[in-house]
1. Identify the single condition in (1) loosely packed, with under 10 Cβ neighbours inside 10 Å; (2) at pLDDT below 85 that Ser100 does not satisfy, given that it satisfies every other one.
2. Scan the stretch 78-97 and tell me whether some residue there is of a type in the set (Ser, Thr, Tyr), within 30 Å of Tyr24 (Cα to Cα) and modelled with pLDDT of 80 or more.
3. Mind listing whichever residues of the stretch 29-51 are within 24 Å of Ala16 (Cβ to Cβ) and among the basic types (Lys, Arg)?
4. Here are Phe17, Phe35, Phe73, Phe93: which of them is among the hydrophobic types (A, V, I, L, M, F, W, C), loosely packed, with under 10 Cβ neighbours inside 10 Å and free of Cβ contacts under 8 Å to residues at least 40 places away in the same chain?
Amino acid sequence: MKYIKALLVIVVLVLAFVMAVQNYENLKTPLVFSFDIIFYKYESPRMSLASVTVIAFLTGLIVMGLYGMAERFRMKRQIRSLRDEVRKRDKEFDSFRNLSAPVESAYREKADDME
């Protein structure tokens with residue numbers, strides 16, 4: 001699975017590189033983002049389309065990485081609580097198992113006495 005994942009990453013990077021080389025002129029196109037509200041007006045500095053794409057990609061990477069970490073910690077916490085519950089139930093089951101042995105021998109003794 002590791003090799004398939006590494007191969008997939010390499011293929012995606014090669015495709016991104018080919019796309020960037022073939023569309024170099026379009027990626028140099030300058031962009032200006034503006035934000036105009038009644039009380040506030042903002043205009044970003046001129047940036048190329050390539051830099052906007054890279055910034056958007058990195059932002060998504062960071063956000064999804066943080067989400068993945070939060071999900072991983074939540075799952076670890078759930079696994080820990082489930083393991084604790086299993087241990088508790090195993091102890092309870094063992095106590096019933098140990099309890100049933102003397103009771104079973106007592107029934108046998110009564111059955112032998114009745115014969």
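The values are calculated or read from the model by the stated rules, or taken from the named source; none is laboratory data. Only a predicted model underlies this, so the values are computations on that prediction, with no experimental measurement involved. Here Cβ is always computed from backbone atoms with ideal geometry, including for glycine, and neighbour counts include all displayed protein chains.
1. Going through (1) loosely packed, with under 10 Cβ neighbours inside 10 Å; (2) at pLDDT below 85 one by one, Ser100 breaks only (1).
2. no
3. Within the stretch 29-51, just Arg46 meets the criteria.
4. Criteria check complete, one pass: Phe35.
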